[in-house]
Amino acid sequence: MVNTIILMDISMLQTIGAPVVIIGGLGLLFGIILAIASKVFHVQIDPRVEQIIAALPGANCGACGLPGCAGYADAIVHADADINKCAPGGTTAVTTIAQIMGKEASTQTRKIAVIHCTSGGKQSTNWKYAYQGIETCKSAVNIADGPNSCSYGCVGYNDCVAVCLFDAITVDEYGMRCIDLEKCTACGACVKACPRALIDLVAVDKVVYIKCSSKDKGAIAKPNCGSAHPCIGCGICAKKCPVDAIMIENNLAIIDYSKCINCGRCATACPTKAIQDLLVGMRKKAHIISEACIGCTICAKVCPVTAISGELKQLHTVNDSLCVGCELCVGKCPKHAIEMI
Amino acid sequence: MGYLGEIFVMAMTAIFIQNFVLSRFLGLCPYLGVSKKLDSAFGMGMAVIFVMTLASAITFLIRKYLLLPYGLGYLQTISFILTIAALVQFVEMVIQKNSPALYKSLGVYLPLITTNCAVLGVAILNTSQMRSDGITTYNFLDSVLNGFFSGVGFTVVLMAMAGIRERLEYSDVPKAMKGMPIALILAGIMALAFYGFMGFKL
C-alpha cells in the first residue's frame, strides 16, 4: 500500500517534471544563447539617430519628405539630409539637431497657413443650392461645381480642420475657420486637403494677405462673393505697391512675398477690402534722431516711397505723410539713428 | 521511383499542389502585407525560405531527440514556437553583425517571420506527413527539403501576387475596389487557379 503510493508519486513527478524540465530547459538555454549573442553580435547603432528622434516632434507628418520622424533622423545622420526640413519641430528642433550633429543651424523663417478666402461661413456665403450629402469639402465641390455661388471660394465643410494634426484651425461662432498662429506648424496638410486650393503657406513675418482666390472677372466675382470682399482684379493694389510686389494674374492679385515689405498700402487702396493687413493702424513712422545722423544718404536710397530726403552730410528728414512704416531704413542706418515712433 | 523522383514529387507538392498560401492558407499575413512591391516580396520570400529550412531542421531534431524519448509529443507546438522565435532572433543578430548588406535586404523581414504561422506549419506538418511508401514518416533530410520547397512555394506565390499588384497600381480600378479589396479578389482567383493543380497525378 505504502509502496504503490510512493510509486504513483514517482510517476506523477515524472509526468509533471519531465515537460517542465525540458520546456523550461529549452527556454533557459535559448535565453542564455540569445543573451550571449546579443553581447557577441552587438552592433553599434549611431546614438545620434536616437537623439535626433527624441528631438523631433514625433508627429510622423511627412512634411520633410521622408517616411516618418525615424526615417528623417536616419537620413540626417547617414544620408546628410538638411537639418531644417522639420516644419512642426520649428526652430527648437533645428537648433537641437544642430547641436547633436555639430552643424550650423540655418533656420528657415517659420511659415504659417493662410486661407485666401473670406467666405465659407454661415452668413458669409452665397448658396447656389442646399447641399445634402457627405459633409466634406471634397465631396461638396464635386456636385455642380459646389453648393456656393463662387466656384473658387470656401464651401465651409472644414476638411482643413479635420486634417490638422495640431488643432491649429478652429471654427468660430460664424462658421469661419481661424488659424492659430502659435499652433500652426506649416506642415502643409491643410494645403493638400483643401479641394479649392485656398490655403497657402506664408512666412510668419509677412502681415499682408490677399484674402480671395477668385479668378472670375469682377462683374461675376462681386455678386457671387458672400462676404462682399472679392478680388475683382482691378489692379489698384499693383499700382500702389511701392516695390512692385503685386501681380494680377487671371483677374486675381498675387503678392510676391520675396519682394513685399509689409507696408500695407495695397490693403488701404483695395476698393473691395479683399486684402487683409494685420498691422492696420498699428504702423509707426520713422523718425531720425538728429544728434546721431551723419547724412550718409543710405536711408534715403533704401526708402521705397522716397519719404526721406536730405543732402549729403546734412541732417535727413522723414516726410510723415509719405512714410509707410516698412522699417527698411532702420535696419540699414549705420549709426542706428532711426527709430520708429 | 528512386529517391530523386520522390524529392521531385515532394517539390511539386510543396510548391504547387499543397501550396502553403493558396491551398493550406497559412502565412496569409505577409502574403497580403508584403506583396505591394516586387523587390520587397523577393526579400521576404528569401527570408522565409531561409527560416523555413532552418526551422525544419532544428524542430526535427528537437522532436526526435528531446520530445519523443520522454513521451512529450503533445508539447511540440509550444516547443516549436519557442525554438523558431529564438532561432529567428539569433539568425537576425548574426546577420546584422556579419553581413550588413544581407541584413539590409533581409533583416527587416526576419522579425515578421518570428510568429509566422507558415513556419510553424511546416514544422508541424513535417511530423505528420508520410513518405511515398505510406508507412514511414519524414526523416531529417526529407524534413529539411520539405521546409525548403515550402518556402520556395511561398516565394513563388508571393512574387506572382506582387507582380500582379504592381501592375494593378497603374490600371483603372473602380475607386471603391482600390487597394485591399482588389487584392483580396486577386488572392481568391489565384487560389482557384492553384486549386487546378489538385488534379495532378504524380
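The values are calculated or read from the model by the stated rules, or taken from the named source; none is laboratory data. Keep in mind that what you see is a predicted model, and the values were worked out from it rather than measured. Cβ atoms come from the backbone with ideal geometry, glycine included; neighbour counts cover every protein chain shown. In case anyone asks, the SASA skips ligands and DNA or RNA and just uses the protein heavy atoms, side chains included. Shrake-Rupley method; radii C 1.70, N 1.55, O 1.52, S 1.80 Å.
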Alpha-carbon centroid distance for the pair segment A:86-144 / segment B:57-82, whole angstrom: 59 Å
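How large is the translational diffusion coefficient of the protein assembly as shown in µm² per second when you combine the Kirkwood radius over alpha carbon pairs with Stokes-Einstein at 20 °C and 1.002 mPa s? Write out the running numbers ahead of the final one.
Working: Rh = 30.5 Å.
Rounded, D is 70 µm²/s.
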Chains A and B, summed buried accessible surface - 1.4 Å probe, Å², nearest 100: 1400 Å²
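How long are the semi-axes of the equivalent ellipsoid of segment B:2-54, defined as square roots of 5 times the Cα gyration tensor eigenvalues? Whole Å, largest first. Walk me through the numbers on the way to the answer.
Numbers: eigenvalues 116, 35, 17 Å².
Output for segment B:2-54: semi-axes of 24, 13, 9 Å.
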For segment A:109-205, convex hull of alpha carbons as volume per residue, Å³: 91 Å³
Karplus-derived HN-Hα couplings along segment A:123-129 (A = 6.51, B = -1.76, C = 1.60, θ = phi - 60°), whole Hz, x at Gly and Pro: 8, 9, 10, 8, 8, 8, 8
Length-normalised contact order of chain A in % [C-alpha pairs under 8 Å, at least 6 apart]: 11 percent
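With the contact rule set at Cα under 8 Å and sequence spacing of 6 or more, what percent relative contact order holds for segment B:51-202? Walk me through the numbers before you get to the answer.
Details: 98 pairs, mean separation 43.0, N = 152.
28 percent.
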1.4 Å probe accessible area per residue over chain A, in Å²: 56 Å²
Sequence-separation-based contact order of segment A:39-167, relative, with Cα cut under 8 Å and 6+ spacing, percent: 16 percent
Which listed pairs, of A:K128/A:K211; A:K239/A:K285; A:K211/B:K175; A:K183/A:K217; A:K240/A:K313; A:K138/B:K178, have C-alpha distances above 24 Å, in listed order: A:K211/B:K175; A:K183/A:K217; A:K240/A:K313
Rg ratio (alpha-carbon, reference 2.2 N^0.38 Å) - segment A:203-331: 1.24
Viscosity 0.890 mPa s, 25 °C: Kirkwood-radius Stokes-Einstein D of segment A:286-340 over Cα pairs, µm²/s: 230 µm²/s
Aspartates and glutamates with Cα under 20 Å of B:K97, excluding same-chain neighbours fewer than 8 positions away: A:D46, A:E50, A:D74
³J(HN,Hα), Karplus 6.51/-1.76/1.60, whole Hz, each residue of segment A:297-309, x for Gly, Pro: 6, 4, 4, 5, 5, 7, 5, x, 10, 6, 8, 9, 9
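What helices in chain A pass both tests, a Cα length along the helix axis of 18 Å or more and a mean Kyte hydropathy of 0.0 or higher, using whole DSSP H runs?
Details: long enough: A:2-40 (54 Å, 1.82).
Result, helices passing both filters: A:2-40.
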Amide proton proximity set for A:H316, modelled H, under 5 Å, gap of 5+: A:G295
Sequence-distant residues sharing a close amide H with A:G175 (under 5 Å, placed H): A:K122
Selected from A:S214, A:S119, A:S38 as most flexible by GNM, with chain A as the system and alpha-carbon contacts under 10 Å: A:S38
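Of all the accessible heavy-atom surface of segment A:109-205, with the other protein chains kept in place and a 1.4 Å probe, what percent is carbon and sulfur? Mind dumping the intermediate values first?
Numbers: 2650 of 4970 Å².
Roughly 53 percent of what the probe reaches on segment A:109-205 is carbon or sulfur.
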Mean Kyte hydropathy of -1.0 or more with a Cα span along the axis of at least 20 Å, helices from DSSP in chain B: B:38-62, B:76-98, B:140-168, B:180-195
Set A:K259/A:K332; A:K192/B:K36; A:K192/B:K37 screened for pairs whose C-alpha atoms are more than 19 Å apart: A:K192/B:K36; A:K192/B:K37
Residues whose placed amide H lies under 5 Å from that of A:I199, excluding near-sequence neighbours: A:H116
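Could you calculate, for segment A:209-282, the ratio of the Cα radius of gyration to the Kirkwood radius, expressed as Rg to Rh?
Values: Rg = 11.6 Å, Rh = 12.2 Å.
Across segment A:209-282, the Cα-based Rg/Rh ratio is 0.95.
Can you give the Kirkwood hydrodynamic radius of segment B:63-202 from its Cα pairs, in Å with one decimal? Write out the running numbers ahead of the final one.
Working: mean 1/r = 0.0545 Å⁻¹.
Radius from the Kirkwood sum: 18.3 Å.
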Relative frequency of Cα-Cα separations exceeding 14 Å in segment A:47-101, percent: 38 percent
Accessible area in the full protein assembly, largest first, 1.4 Å probe, for B:Y3, B:Y103: B:Y3, B:Y103
Environment charge of A:T136, counting only residues whose C-beta is closer than 15 Å and scoring Lys/Arg +1, Asp/Glu -1: +3
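Can you tell me the accessible area per residue over segment B:57-202, all protein chains present, probe 1.4 angstrom, in square angstrom?
Numbers: 7920 Å² over 146 residues.
Accessible surface, normalised per residue, equals 54 Å².
At 0.36 nm per residue, and after removing the present C-alpha to C-alpha distance, how many nm does the segment from A:V204 to A:V163 gain when stretched out fully? Walk me through the numbers before you get to the answer.
Values: separation 41, 0.36 × 41 = 14.76 nm, distance 2.11 nm.
Stretched out fully, the A:V204 to A:V163 stretch lengthens by 12.7 nm.
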Carbon/sulfur fraction of accessible area - segment A:209-282, other protein chains in place, 1.4 Å, %: 57 percent
Choice from A:V330, A:V43, A:V208 showing the highest fluctuation, given a GNM over chain A with Cα pairs closer than 10 Å: A:V43
Exposure of A:E173 as accessible area (Å², to 10), given a probe of 1.4 Å and all protein chains: 150 Å²
Listed residues A:A168, A:A93, A:A292, most fluctuating in chain A (Gaussian network, C-alpha, under 10 Å): A:A292
